[in-house]
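One structure is given below, encoded as structure tokens.
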There are 4 protein chains.
Amino acid sequence: MRGNTFGKAFCIHTFGESHGGAVGVVIDGCPAGISINIDDIQKELDRRKPGQSEITTSRKEQDKIHILAGIEQNITLGTPILMLVYNEDANPKEYQNLAQVFRPSHADYTYFKKYGLKSISGGGRASARETLARVAAGAIAKQILQQTCNIQILAWVSQIWHIKSNVDINKVNPHDIEKNPVRCPDEIAAKCMQEAILHAKNEGNSLGGIITGLVRNVPAGLGEPVFDKLSADLGKAMLSINAVKGFEYGAGFDSVVFKGSELNDEFYTDEQGKIHTKTNHSGGIQGGISNGEPIIFRVAFKPTSTILMPQNTVDMQGKETEIQVKGRHDPCVLPRAVPIVEAMTALVLADHYLRNKLIRL
Amino acid sequence: MRGNTFGKAFCIHTFGESHGGAVGVVIDGCPAGISINIDDIQKELDRRKPGQSEITTSRKEQDKIHILAGIEQNITLGTPILMLVYNEDANPKEYQNLAQVFRPSHADYTYFKKYGLKSISGGGRASARETLARVAAGAIAKQILQQTCNIQILAWVSQIWHIKSNVDINKVNPHDIEKNPVRCPDEIAAKCMQEAILHAKNEGNSLGGIITGLVRNVPAGLGEPVFDKLSADLGKAMLSINAVKGFEYGAGFDSVVFKGSELNDEFYTDEQGKIHTKTNHSGGIQGGISNGEPIIFRVAFKPTSTILMPQNTVDMQGKETEIQVKGRHDPCVLPRAVPIVEAMTALVLADHYLRNKLIRL
Amino acid sequence: MRGNTFGKAFCIHTFGESHGGAVGVVIDGCPAGISINIDDIQKELDRRKPGQSEITTSRKEQDKIHILAGIEQNITLGTPILMLVYNEDANPKEYQNLAQVFRPSHADYTYFKKYGLKSISGGGRASARETLARVAAGAIAKQILQQTCNIQILAWVSQIWHIKSNVDINKVNPHDIEKNPVRCPDEIAAKCMQEAILHAKNEGNSLGGIITGLVRNVPAGLGEPVFDKLSADLGKAMLSINAVKGFEYGAGFDSVVFKGSELNDEFYTDEQGKIHTKTNHSGGIQGGISNGEPIIFRVAFKPTSTILMPQNTVDMQGKETEIQVKGRHDPCVLPRAVPIVEAMTALVLADHYLRNKLIRL
Amino acid sequence: MRGNTFGKAFCIHTFGESHGGAVGVVIDGCPAGISINIDDIQKELDRRKPGQSEITTSRKEQDKIHILAGIEQNITLGTPILMLVYNEDANPKEYQNLAQVFRPSHADYTYFKKYGLKSISGGGRASARETLARVAAGAIAKQILQQTCNIQILAWVSQIWHIKSNVDINKVNPHDIEKNPVRCPDEIAAKCMQEAILHAKNEGNSLGGIITGLVRNVPAGLGEPVFDKLSADLGKAMLSINAVKGFEYGAGFDSVVFKGSELNDEFYTDEQGKIHTKTNHSGGIQGGISNGEPIIFRVAFKPTSTILMPQNTVDMQGKETEIQVKGRHDPCVLPRAVPIVEAMTALVLADHYLRNKLIRL
């Protein structure tokens, strides 16, 4: 009934406050006998961790993954996998001056209204730190998808603030994404984005943008009518990430200005006798089910609400006051959100891959 | 494991093929002792039913609701509520020429790849007819929300094709929405939209557009960290509706071009001592939890894939061919989708309203 | 959250009051493409239906099954299957004199305490009529199990009141069970049981007893550690049937007086190289997982609480009074409960059969 | 889909192998703002832990509980509670000689058939060590039930092998249960039981028995028709404990030899105007819902399958062989199972207590 569980067949339960003992995940539903590369899990966490470059928060966490159950000698046992990261650089004192006032557009106020209490330390479950559990679980989902179907999941920053990139969907690859700290494979755009982020950082401000997701080699048939459409589950997955304000797939919001005759993806058969569509306005999903074409979607992130400039707000007693956050924060969450988008994509696909095994005897 | 269930506390299970015996829903989780107005359920179904105007499909269905369990003398028993509508005007023969070929951008191909069979009649669960189950269940959810919190849920067509409307969020009301067949409260825009739809209908084509949703009087505190954020569940709800390609709430995709200092919603206290935000870029949801301000979101619908113009495609054997659909279809699904968007909103809110009762003892 | 759903992969949702419009079930999770014999579903319902002999209630219901979704031309579509039976012989007036008083050991009092209301008609969901939904769903589960693994599920009345039967587990078969109205394959015992039931009926009293369940050809490996042990799910299934007071499997309660060395089932290998156990005190389940030996269990039913003799009780205001039930009731529910026990067994096994497909890739 | 989750509103997810890094639990669904006594959790674990007396295994584990999330300054946050115990005295070498052969009546064979692999260390999730997660979670459930309704949950050993005890249900209390290592409040019987257990231990054998459970101060109305009857959920909870072979409540299996007129519990009104039953053959549960009388049930445990005497068996290749287990094992699991029975009872009741909050608005 709480919202800490994601997935039905490949099911994860996450836990952990930003300033408690640990943050982590139980994966329940991972099949038995799968070979897992632990280093690859750590690598994904390293892509997400704070302090990796000058455009991210300076909070220092090793974010070293500990696997305490479900995997023995790098083989999954078919039992729940417990992975966690201990909190090391927690500094609740940094947050003491925030204890009584609500940061604008942050979760402070709504959490207080919901739970009737305010955790003395920082953001609790609303912290971006929660997302490392998703990345760890997603890293295992990625390995399963790679081993079974050679599915490749990519995400990159396609826009920061007003700066848009130009990326060839057919050629984009992990190497190009990772070669700059912004994780935008268009190098010129990436430079401008980095400049903009540093500028925002210097003024204590924040920037938003768009992350594009791409999945190759998806088998046709994934997704469940009628509520658990693949598009609906991907949308929920993305909208569950902090700061996300919108999701679209295929032609997305642009599709509204086309007519059906312009937007429909006509089928054809290629030389190997495989059915394809000439265009991919569907973004790889038709009727909520994958059609075998690449899945493409876009996720809008608002500028993070935690800024270092003074803002008007109220305190827990409703008294109007001014707040000036200190702490260590990201001026732009998107570069670190790329592995999170990939992880959530992997979780959705692994879940539907397993669920699909039950459709026919 | 199948995707026919929606909600965790106010939980619905839908069933029914477009051309089978009936389409309907079991609501499990409706509290006991609630007074239900059956006429209001029928009214919502009438808003969704085919044949209501010249801009909708001419398929004739009375869509009369039958309640066979869970309600006695208009009072809920706390047991499962079974509501169904018998299929009357089913005409599988219309679909016979479609049996062997895949309609472009429709669910034909993906359903076939998933299930390994093609229902001899029409679209099966992919049919828009499935949505009447949502509307019936949503009508009950609406009544609960209205009775408990005076929550008001509205949706309207805000854009069709290139034609945008101009609607004052503070003044929009059900009467203005219902006074034209497009369900756009901007009368001038509505006229243009109607023209455009009729034009598309005449050429056998289809149009898409945007539906805006608005919820007033939402109590603060609804929504569950971390995956079942209210925004994530609303997004999933909308993306589970046929033809939806995108979802955004509050400032949505536009938020990416603002800085944090421009977008944050500062808090203030009104004369009654109630905390509000000066702006509502958050769209009523912060950290995934309602903050008491109106919830605002936008849903992008592509032009429906079923058009009457000839299209290239392939058949079940992969042979390339041409298809020309006959049947009776909507040139634009948005006017009939308005009650569906409202229903899905009501289902999400009723579910979170109940779930929230478990947060504190 | 309500308890009307059973199963996780082969999942059923039941609905219906005893005296409302219909009683039935939605099966969600039945694989696509399975051939279903509708007559066999009806046959199971006929085994459960009232009025089949002089030892059952005289309430007359045709209990004709209607399948309104999910099956087309006797083939499952992979979509939700809706099956229902309309209530025909409902006679709420019979129950009017009961409206204000609580029948001892019946669900009247507890339902009233739970829901705060009392359905004007009869027993609502507490009625035995609810079980026809289980039998209909179980009939489909049986067909799947039969088609995939040749699993055979049997149950019979092994004891009524003080009268015990003597049945050879290795030889018992459906024909012997069905050849008398008690459904006890020991003919002599059956005669005595019938006598006892008629005697109880004449004095307006009721009798309980034991039903034994047996499953042959179960593949090894069904059941999920740690909570969803096959034995735990079978136990829950049986204890969810009205009037059941106890469940045991294998050596059951008797096992407590043996030592480990006496009770352990030693393994051996048969001529075909297949591993078996020499004894079957485990009842086919070890560590909560099927081991390939026959599953054996016993279910204790109390004498049904509805008797026609005068009893002391209280009314809704707490005033002490006397009650004398009229209505039409079974003096002994066991003969009609045999197909229910089989159905619940089939539902548990079909569910675990499907779930097991997710253990290995 | 795996069976590691228990409960719907007060929901637990357990994890951990006997010889991996840790064993523990995530509680999801614990309300916010509840004061938790950590010492009381540890005390429950100490009642379960090995090595507490000469009649239990000599495996030494501190079983110190670590709470890493969800509780801050002894107050629940409403977020997932992570509790775990690190494995300290794991000794996989002890189990090496078992790696290739199946222990009779143990889970070795069925786990191998299910997962297709055999964990190199000991029993994995089939180990009794898994139950400490239940006890830790149950300790929190107990505190909630105590604080909200003053519910008292007791269990005790009522029979070991042929030795039955004589306990007054109305007078039994925690102190009497804890004053001997057998946890049987009948002191004379306890002495005999202890003798019998030591005797079995000396011959390398094992004994079973019965644990009785009792719950006082249960409010009427807990339990959900029709599948999640309180009796069905309690039964499943108990049958999910290792070595349990049977469950009965109230008059249980004995009820079959009574007539309805003898077994029905007549209602009366006490001096305070509260409705009660004169007898309690229902064991506090009618129609699957608590009626406010004490809940009483009995759980049958077989003698544990791990004995130190030589036994015939087969190895992984199906070759017949003899096995002689060494290791450290309990000659009788019942004394240590008492807190497990209590914990599972508390989990069921806390779950239904919360679920019941959703019945009426």
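General remarks:
- Condition met for C:N173 (modelled with pLDDT of 95 or more and open to solvent by 40 Å² or more (accessible area, probe 1.4 Å)): yes
- Condition check for A:I210: facing chain B (nearest Cβ under 7 Å) and either open to solvent by less than 10 Å² (accessible area, probe 1.4 Å) or outside any loop (DSSP other than H, G, I, E, B) (or both): yes
- The set of residues in the stretch A:249-277 being open to solvent by 50 Å² or more (accessible area, probe 1.4 Å), more than 7 Å from chain B (Cβ to nearest Cβ) and over 30 Å from the mean Cα position of the chain (by Cα) consists of A:E262, A:E271, A:Q272, A:K274.
- Selected residue (only one of C:I36, C:I55 is open to solvent by less than 40 Å² (accessible area, probe 1.4 Å) and at pLDDT 95 or above): C:I36
- Those residues of the stretch A:289-315 which are touching a Leu at 6+ places or on another chain (Cβ under 9 Å), open to solvent by 20 Å² or more (accessible area, probe 1.4 Å) and within 7 Å of chain B (Cβ to nearest Cβ), in sequence order: A:K302, A:T304
- Scanning the stretch C:233-248 for residues that are open to solvent by 10 Å² or more (accessible area, probe 1.4 Å), more than 7 Å from every other protein chain (Cβ to nearest Cβ) and touching a strand residue (DSSP E or B) at 6+ places or on another chain (Cβ under 6 Å) yields a count of 1.
- Where a residue in the stretch B:283-297 is hydrophobic (A, V, I, L, M, F, W, C) and part of a loop (DSSP other than H, G, I, E, B) and its partner, wherever it lies, is at pLDDT 95 or above and open to solvent by less than 10 Å² (accessible area, probe 1.4 Å), with Cβ under 9 Å and at least six apart: none
- Residue in the stretch C:133-144 that is buried (at least 20 other Cβ atoms within 10 Å of the Cβ), in a loop (DSSP other than H, G, I, E, B) and touching a residue at least 12 places away in the same chain (Cβ under 8 Å) present: no
- Flag for B:L84 being modelled with pLDDT of 85 or more and open to solvent by less than 30 Å² (accessible area, probe 1.4 Å): yes
- Hits in the stretch A:314-344 - residues which are closer than 24 Å to A:Q194 by Cβ and of a type in the set (G, A, S): A:G327, A:A337, A:A343
- Filtered residues of the stretch D:24-33 (kept if of a type in the set (A, V, I, L, M) and either surrounded by fewer than 21 Cβ atoms within 10 Å (Cβ to Cβ) or more than 7 Å from every other protein chain (Cβ to nearest Cβ) (or both)): D:V25, D:I27, D:A32
Yes/no per residue for (1) more than 10 Å from chain C (Cβ to nearest Cβ); (2) assigned to a helix (DSSP H, G or I); (3) not hydroxyl-bearing (S, T, Y):
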site	(1), (2), (3)
D:Q317	no, no, yes
D:V325	yes, no, yes
D:I340	yes, yes, yes
D:M344	no, yes, yes
D:L349	yes, yes, yes
D:H352	no, yes, yes
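- Subset tally (residues that are in a strand (DSSP E or B) and either small (G, A, S) or within 13 Å of C:I285 (Cβ to Cβ) (or both)) for the stretch C:215-224: 1
- Apart from one condition, A:I41 fits all of (1) within 26 Å of A:L234 (Cα to Cα); (2) open to solvent by less than 10 Å² (accessible area, probe 1.4 Å); (3) within 11 Å of another protein chain (Cβ to nearest Cβ); the exception is (3).
- In the stretch C:1-11, residue modelled with the lowest pLDDT [restricted to those that are facing another protein chain (nearest Cβ under 7 Å) and part of a loop (DSSP other than H, G, I, E, B)]: C:M1
- Of the residues screened, C:H19 is not one that is without any contact (Cβ under 8 Å) to a residue 40 or more places away in the chain, in contact with a Ser or Thr (Cβ under 8 Å, 6 or more places away or on another chain), within 14 Å of another protein chain (Cβ to nearest Cβ) and not small (G, A, S).
- Residue match in the stretch D:97-109 (condition: farther than 17 Å from D:V325 by Cβ, within 14 Å of chain C (Cβ to nearest Cβ), among the aromatic types (F, W, Y) and buried (at least 17 other Cβ atoms within 10 Å of the Cβ)): no
- When A:L263, A:L222 are checked against the criterion of being aliphatic (A, V, I, L, M), at pLDDT 95 or above and more than 22 Å from B:D330 (Cβ to Cβ), a single residue qualifies: A:L222.
- Hits in the stretch B:321-361 (condition: of a type in the set (D, E, K, R), touching a helix residue (DSSP H, G or I) at 6+ places or on another chain (Cβ under 8 Å), closer than 29 Å to B:N173 by Cα and at pLDDT 95 or above): B:R336, B:E342, B:D351
- Residue in the stretch B:262-282 that is part of a helix (DSSP H, G or I) and of a type outside the set (S, T, N, Q) present: yes
- Taken together, the criteria place B:S158 among residues that are at pLDDT 95 or above and open to solvent by less than 40 Å² (accessible area, probe 1.4 Å).
- Residue in the stretch A:179-194 that is of a type outside the set (S, T, Y), part of a helix (DSSP H, G or I), within 17 Å of the chain's Cα centre (by Cα) and modelled with pLDDT of 95 or more present: no
- Pick from the stretch B:316-339, criterion open to solvent by 10 Å² or more (accessible area, probe 1.4 Å) and within 22 Å of B:G213 (Cα to Cα), ranking: farthest from the chain's Cα centre (by Cα): B:D330
- Being within 14 Å of chain D (Cβ to nearest Cβ), out of contact with any Lys or Arg (no Cβ under 6 Å at 6 or more places or on another chain) and without any contact (Cβ under 8 Å) to a residue 40 or more places away in the chain is a condition met by no residue of the stretch C:59-73.
- Residues that are crowded, with 24+ Cβ neighbours inside 10 Å and either out of contact with any helix residue (DSSP H, G or I) (no Cβ under 7 Å at 6 or more places or on another chain) or not in a strand (DSSP E or B) (or both) within the stretch B:12-23 comprise B:H13, B:F15, B:G16, B:E17, B:G20, listed in sequence order.
The values are calculated or read from the model by the stated rules, or taken from the named source; none is laboratory data. The model shown is predicted, which means the values in this text are computed figures rather than measured ones. Quick reminder, even Gly has a Cβ in these numbers, built from the backbone with ideal geometry, and neighbours come from all protein chains shown. Surface areas here come from the heavy atoms of the whole protein model, side chains and all, with no ligands, DNA or RNA. Shrake-Rupley method; radii C 1.70, N 1.55, O 1.52, S 1.80 Å.
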